[in-house]
1. Could you tell me the largest-minus-smallest coordinate of the C-alpha atoms of region 365-460 on each of the three principal axes, in descending order and whole angstroms?
2. Quick one: how many Å² of Leu371 are accessible to a 1.4 Å probe, rounded to 10?
3. Heavy atoms only, probe 1.4 angstrom, no DNA, RNA or ligands counted: give me Leu105, Leu121 ranked by accessible area, highest first.
4. With a Cα-only, solvent-free Debye model of region 250-297, what are the log10 I(q)/I(0) values at q = 0.24, 0.25 Å⁻¹?
5. Using only the alpha carbons, work out the radius of gyration and Dmax of region 157-213 in angstrom.
6. Please identify every one of the GluC sites (Glu not before Pro) in region 79-144 that sits in a loop by DSSP and has no more than 13 other beta carbons within 10 Å of its own beta carbon.
7. Counting only heavy atoms of the protein chains, get the accessible area per residue of region 139-210 (1.4 Å probe) and round it to a whole Å² value.
8. If you count only protein heavy atoms and use a 1.4 Å probe, how large is the accessible surface of Trp465, to the nearest 10 Å²?
Amino acid sequence: MTDCAATFPIGLRRALSGAKVLISAAALGFCLVYTAVAIGGNVTRVKPGPVVNGVLSVVSIGYLALVEGTLVAVLGANKEGHATDPWAARCVEKCTPGPRQDGFLVGAQSLVLCQVFILALLNIVDDPIPPGAQAPWGMEGVVLFLAQKGFIATFIAVVIGQQVLQLVAATNFVRWLHNPLAYVLVVLPAQAIDSLGLFHITHFIKYCLLTRRRPRDAGTQDINAADTPQLAEQLRPVPTLVEHDAQTMRQRVAWSCRVAVSTAIWVACAVCVFYAVGRGWTHPIVEAGSKPTTALVNTALLVVLWVYLCYCEAIQVSVAATLAWKRNAARGKGAAFNADAHPTAAANMELLFEDSQAKSFLMGRQVLVALLMFFLAGLTTVSPSARQSQGVTLFSLPELFQTVLLESGVVGIIFTVVGQLLCRVLAAADPWLYLSIPVLPRVTIYLCFATDKTGLFSVAYPLAWGINMLFGISPPALPVSAAADRDDDNSLGTSLVNVEMETMD
């Protein structure tokens, strides 16, 4: 009897997990079919035609999955440092920790957001339904509301475009990077995007923070040779203050110009976005009666959603740093966390340490961030019909500017990405800052827990397992020293959490 009582909770948990997977699989199937019907009925925001829309949607989701998987694999392979495969070695060489890895992360984040904006245009049902058309399957009410606000598109993008391939990549980093597409279609484009200089303001902020925190010799303010090799590598793009030759001065001028241009571009993008939202040209989240009221409400929502998205990005870095700190302290590699100095942060950390909740938080946060991205994609992308109905253009600029930059979402991407990256940089500089804010961290943590515990995204785990079995992907045989650093729980989700923590070591 005792044995039965002891095993019943385990069996019940397994049954509940199986039920969650079945419900998640059914929900995914319904969302895929519903979206296909919406594309076939030509009722999405952008209407290039059912065939073109379907092909572009599949390509965009596939590319999103490739970027997310490569992002996880590159960070993991960098930490383990045993990439012997030629293609994997190329990826690691291009993304070595320091400025190269920073540039890759900036470019990869831009590629991810670009795909989200494309999917928001191709897969979200137009609001209102175009004249002469009808809702998919004639279903209105809650289902149509979820389709028009982006919940269904978010669900598909998170499961197929993010979680499944991230879990596969976390199983074996080098095996993932063995695919030449990871290098050709992700690593090289990400580095190219960063080299444009559009996001150099984030590198500049990181440089300022590292310079402020660097060790200095007594009585001098110059950067000196006492710095650690890791810090010197991080600051390699920026010339040191003690060098005064002509080449160094030219490099400093070029760097400063890039930062100034990056800042000016971001400010211009912010002005364009707020102007378009204020004029009612974008896809509103809320209809509040008159046009001025709707514009005002959606402008306020834009600020709130953008700030909260930036906060969710920052708290991810804070939590990853916290987990890495705790693990290193347990291994004797660092000082223990001083709870008395950061009582609010310590209380929030306890929530993550209970019952290994870090995995649940990170998976739930990913869903929350994807949903916020889809909301912002609609709010920051100009609708051609809404703008043309007023017969004006932004600041009387040419139509080509409206089409290429505003209606394509490029301006919104730049506006959103810079905010995300800046908050991540600030969180890396002071991990306890965002965990010490009253109320908001705890609300966000519980919201992420609730999102993951619903089980709606549980189908990602068996799908990832099936892909691993199909292609023969298994965890690598690590050296004893590297294997000792891994957690005992070698599940897919834990491997993904390990990547988050290892990048903060």
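1. For region 365-460, the Cα extents along the three principal axes come out at 47, 36, 24 Å.
2. Result for Leu371: roughly 40 Å² accessible.
3. So, going from the largest accessible area down, we get Leu105, Leu121.
4. Values, matching the q order: -0.80, -0.84.
5. When restricted to Cα atoms, region 157-213 yields Rg and Dmax of 15.9, 42 Å.
6. Glu140
7. In whole numbers, region 139-210 has 34 Å² accessible per residue.
8. Around 150 Å² of this residue is reachable by solvent.
The values are calculated or read from the model by the stated rules, or taken from the named source; none is laboratory data. Given the structure is predicted, the values throughout are model-derived calculations rather than measurements. Methodologically, a virtual Cβ is constructed for each residue, glycine included, from the backbone with ideal geometry; neighbour enumeration extends over all protein chains shown. To get the accessible areas, we keep the full protein, side chains included, count just its heavy atoms, and leave off ligands, DNA and RNA. Shrake-Rupley method; radii C 1.70, N 1.55, O 1.52, S 1.80 Å.
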